[in-house]
Amino acid sequence: MSTPNEVTAAEVEALMAGDDPPQLIDVREAPELQMDGWIKGARHMPMSAFQGREGEIDKTRPVVIHCAHGQRSWDVGCYLISLGFENVSNMEGGIAAWGGPIERSAGGR
């Protein structure tokens, strides 16, 4: 079985700033987003409710998955690959490795 590509947070930041950014999927749970913030442009699809929502992701475009430290996103990436997604990457170190800007709101997300 194939596994997700590993990309660094710096590589993801550069991709997100490009002309054709990948689909960035945040699989952390809602309380984690409220506590730690999120990356602008990321779609929140918590791992606990992920199954059944994979149809919301475009199979023809690159996908980068991230979580807090990289393990849950790795698992979700493997799951997407098992469903036929081909261009799937896992952000090494998760949001903990992210050095770019973080979005926050007073009311949560």
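The values are calculated or read from the model by the stated rules, or taken from the named source; none is laboratory data. Remember, predicted model here, so these are calculated numbers, not experimental data. So basically every Cβ, Gly included, is an ideal-geometry build from the backbone, and we count neighbours across all protein chains shown.
Quick notes
- Residue in segment 33-49 that is among the aromatic types (F, W, Y) and either more than 11 Å from the chain's Cα centre (by Cα) or within 14 Å of E6 (Cβ to Cβ) (or both) present: no
- In segment 52-86, residue surrounded by the most Cβ atoms within 10 Å (Cβ to Cβ) [restricted to those that are in a loop (DSSP other than H, G, I, E, B) and free of Cβ contacts under 8 Å to residues at least 24 places away in the same chain]: R53
- Selection within segment 1-28 - of a type in the set (D, E, K, R), assigned to a loop (DSSP other than H, G, I, E, B) and under 12 Å from the mean Cα position of the chain (by Cα): R28
- The residues of segment 80-90 include none that are more than 13 Å from the chain's Cα centre (by Cα) and under 13 Å from V27 (Cα atoms).
- Neighbours by Cβ (under 9 Å, 6+ apart or cross-chain): first from segment 37-49, over 11 Å from V76 (Cα atoms) and of a type in the set (F, W, Y); second modelled with pLDDT under 95 and in a strand (DSSP E or B): W38/E103
- The residue that is surrounded by the most Cβ atoms within 10 Å (Cβ to Cβ), among those in segment 87-109 that are charged (D, E, K, R) and not in a strand (DSSP E or B), is E92.
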